[in-house]
Amino acid sequence: MKEETPFRRFVSEFAASKVALFGLAVFTTIALLAIFASVIAPQNPYDLAQLDIMDGRLPPGTKSATGYTFLLGTDDQGRDMFSGMLYGLRISLAVGVGSALFAAVVGTSLGLFAAFLGGRADTAIMRLVDLQLSFPSILVALMILAVLGKGVMNVVMALVIVEWAYYARNVRATAMVERQREYIEAAECLALPRWRVVFRHLLPNCLPPLIVIATQQVARAIALEATLSFLGLGVPITEPSLGLLIANGYQYMLSGKYWISFYPGITLLVTIVSINLVGDQLRDVLNPRLKR
Amino acid sequence: MITWILRRLFQSTFVVLAMTVIVFVGVHVIGNPVDILISPEADQAERARIIANMGLDQPLWKQYAYFLGGALKGDLGRSFVFNEPALKLIAQRMPATLELAVTAVLFSMTFGVPLGLYAGLKPDGFLGRTIMAGSILGFSLPSFWVGLMLIMVFAVELGVLPSTGRGTTETLFGVPWSFLTWDGLRHMFMPALNLSLFNISLVLRLTRAGVRETLPMDFVKFARAKGLSPARVIFVHVLKNIMIPVVTVLGLELGSTIAFAVVTESVFAWPGMGKLIIDSINVLDRPVIVAYLMMIVMLFITINLVVDILYMILDPRVRLGGKS
């Protein structure tokens, strides 16, 4: 009989849902496909020398002049859709995960800051959060990109600015509750330095809700990035993400060439839904209200 | 109560001012105002003349005062592309967006409430579960992708609905509207449905939660005990109580529906404000971008203000809390 640690209990509770496990498996596969895109993809979609415009808009399963079969067809540049999607997935995931993590750091710091300092700093930060959350995310991102212009880093920055407020509000709320607990009082009685109390004692106990938000925000960030790229405000055309691939295929869809938009769309969909499945189960497992 | 409203009004004015500063800084400091405000076709002499004319050689705070003065008079510059006042362009496109957004909100009621009611009454049935699973999709699917699929299925494959555009319009009060003609309605159906999917899921979940919460309550039991028909109990006694939060949330969502119309309008080539802003960003028609941002900020602040004031009038708890 193994000793029950909090981590083991967490794993077994998470595994109780088959749907969540399935979501995790799907997401892991997608992440691996994205990470090893350069090994798996039969073609480097950014290397223009490998592209042949004569191969443009071929339906799925067509053989190219060099004898290679385009599993999912080609886009208007003659790019193999399967390869393009793997590379696009890589950009979408990197932007989504990267911005969610960066926003987590910014939002958590400001949230803890607000909870511990109180007074003016607290009011100022929380007013800013209220103000920002009263605008829809797409609008905030649109404003930022309208000023900054296109580019991967600009999209990441826009997403971070959109997302930090969610973390800040939640972390502040959790921290306000946690700081009343005895263990914080005990740590303060030991005359530990302030930063140590905050980062070693308080922060680990604020993590569970943070993990849930981070998971949901990754899915939201991926969807928002795809939307922005679809609108032509996101990543540059030289390195298309899934959203931009869908946008590229849009004009051909009306003439029945569905595959250029359809397959990247399905990939985007499966990615978002699998993350949400994992996120929902995490929320159920990590929510103390449902437990006690 | 009056002081509370005044204080709230003061706060809103402050937020609007803060937003003008942000937009001003965004356009004049981060970007190069000469490139932004002067058409790229202007020659050197004309550039110098316009720079002096617009006060771009003045210190920053004077420029800001100039910008603010213009904004107060409704002058936010002329569009490079259309050579018309930016504000007028946006005002022209606004009815199309409003029409779409209002139809979408109506759709979310007509689809969301019955589906939520059913899911709430039969939470364990197959259909009830399917509806709930579908609502998760409505939340998580990116709306532009759903829009594309709608076009692919209904316009390309089945050919029953037009794919893009606004269709025939009919003029009422000097403004062209699509909802007055059959062709316009046909054009509006898919975009409005696409735009309302998120809200349908939201209303559906609210209604379901409300039904589940209200059914075990005493007044429902009492209504049943009185011998009222089940239909009357559900549609009059239960539904009436559920509609309060649903209507509140939908009122709040009107603003974000207008904002999300940016996406739907781009997918369906619907000639509204959202399409205009995306086109303007792509051709760097900066005055229109600035005007749109200012307009939408004003709109949101007004909606939030009105909702807050209505809440205070309707809910005594908020009213008393505001007084103390």
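Can you tell me the mean projection area, over all orientations, of the convex hull of the range A:88-165's alpha carbons? Units nm², please. Write out the running numbers ahead of the final one.
Numbers: hull surface 21.3 nm².
Result: a mean projected hull area of 5.3 nm².
Just order A:97-104, A:82-89, A:11-18, A:127-134 by mean Cβ neighbour count inside 10 Å, highest at the front, would you?
On the way: A:97-104: 20.4, A:82-89: 24.5, A:11-18: 13.1, A:127-134: 15.9.
Going by the mean number of other Cβ atoms within 10 Å, highest first, we get A:82-89, A:97-104, A:127-134, A:11-18.
Answer with one residue from B:ILE258, B:MET312, B:ILE281: the one whose Cα lies farthest towards the positive end of the charge dipole of the range B:194-324, charges on Cβ with Lys, Arg +1 and Asp, Glu -1.
Positive-end residue among those listed: B:MET312.
Please say if the range B:217-322 is rounded, prolate or oblate, where rounded means a/c under 1.5 for a ≥ b ≥ c the square roots of the C-alpha gyration tensor eigenvalues, and otherwise the choice is prolate for a/b larger than b/c and oblate otherwise?
Numbers: a/c = 6.91, a/b = 2.10, b/c = 3.30.
Taking the square roots of the gyration eigenvalues as a ≥ b ≥ c, the range B:217-322 is oblate.
Suppose the chain between B:MET243 and B:LEU6 were pulled fully straight at 0.36 nm per residue; how much longer would it get relative to their current alpha carbon spacing?
Numbers: separation 237, 0.36 × 237 = 85.32 nm, distance 3.02 nm.
82.3 nm is the gain from fully extending B:MET243 to B:LEU6.
Averaged across B:135-143, how many Cβ atoms of other chains sit within 10 Å of each residue's Cβ atom? Provide the component values of the computation, followed by the final result.
Values: counts 0, 4, 4, 0, 1, 11, 6, 15, 3.
Mean inter-chain Cβ contacts per residue within 10 Å come to 5.
Calculate, for the range B:87-317, the solvent-accessible area per residue in square angstrom, rolling a 1.4 angstrom probe over the heavy atoms of the protein chains. Walk me through the intermediate numbers first.
Working: 10380 Å² over 231 residues.
In whole numbers, the range B:87-317 has 45 Å² accessible per residue.
What is the mean number of Cβ atoms from other protein chains located within 10 Å of the Cβ atom of each residue in peptide A:264-270, rounded to a whole number? Write down the numbers at each step before the final one.
Values: counts 1, 8, 2, 0, 4, 7, 0.
The shielding value for this peptide is 3.
Considering every residue in B:8-21, what mean count of other chain Cβ atoms within 10 Å of its Cβ is obtained?
The shielding value for this peptide is 1.
Highest first, please rank the peptides B:192-201, A:25-34, A:178-187 by the mean number of other Cβ atoms sitting within 10 Å of their residues. Could the numbers behind the result be given before it?
On the way: B:192-201: 25.0, A:25-34: 16.1, A:178-187: 13.5.
Ranking the peptides B:192-201, A:25-34, A:178-187 by packing returns B:192-201, A:25-34, A:178-187.
Ignoring ligands, DNA and RNA, how much accessible area is buried between chains A and B, both sides summed, with a 1.4 Å probe, to the nearest 100 Å²?
Values: alone 15550 and 18050 Å², together 30470 Å².
Buried area (both sides, nearest 100 Å²): 3100 Å².
Suppose every K and R has +1 on its Cβ and every D and E has -1 on its Cβ; what is the size of the dipole of the range B:177-294 about the Cα centre, in Debye to the nearest 20? Walk me through the intermediate numbers first.
Values: 11 positive and 7 negative charges, 158 e Å.
Approximately 760 debye in magnitude.
Rounded if a/c is under 1.5, else prolate if a/b beats b/c, else oblate: with a ≥ b ≥ c from the C-alpha gyration tensor eigenvalues square-rooted, which is the range A:166-292? Write down the numbers at each step before the final one.
Details: a/c = 5.08, a/b = 2.74, b/c = 1.85.
Prolate shape, in that a/c is at least 1.5 and a/b is the bigger ratio.
Could you size up the charge dipole of the range B:87-317 around its Cα centre, putting +1 on the beta carbon of Lys and Arg and -1 on that of Asp and Glu, and report it in debye to the nearest 20? List each step's numbers first, then the result.
Values: 17 positive and 13 negative charges, 150 e Å.
Here the size comes out at about 720 debye.
If I model a spin label as a point 7 Å beyond the Cα along the Cα-Cβ vector, how far apart are those points for B:PHE14 and A:SER255 in nm?
Going by the 7 Å Cα→Cβ label model, 5.8 nm.
Arrange the residues A:THR227, B:THR248 by how much accessible surface each exposes, largest first, with a 1.4 angstrom probe. Spell out each step's value before the answer.
Values: A:THR227 15, B:THR248 40 Å².
Most to least solvent-accessible, the answer reads B:THR248, A:THR227.
Please label the shape of the range B:87-317 as rounded, prolate or oblate, based on the square roots a ≥ b ≥ c of the eigenvalues of the alpha-carbon gyration tensor (a/c under 1.5 means rounded; beyond that, a/b larger than b/c means prolate, else oblate).
On the way: a/c = 2.28, a/b = 1.60, b/c = 1.43.
Since a/c reaches 1.5 and a/b is larger than b/c, the shape of the range B:87-317 is classed as prolate.
The values are calculated or read from the model by the stated rules, or taken from the named source; none is laboratory data. Values in this document were obtained by computation on a predicted structure and should not be read as measured data. Backbone-built Cβ (ideal geometry, glycine too); neighbour counts: all protein chains shown. Note: accessible area is taken over every heavy atom of the protein model, side chains too, but ligands, DNA and RNA are not part of it. Shrake-Rupley method; radii C 1.70, N 1.55, O 1.52, S 1.80 Å.
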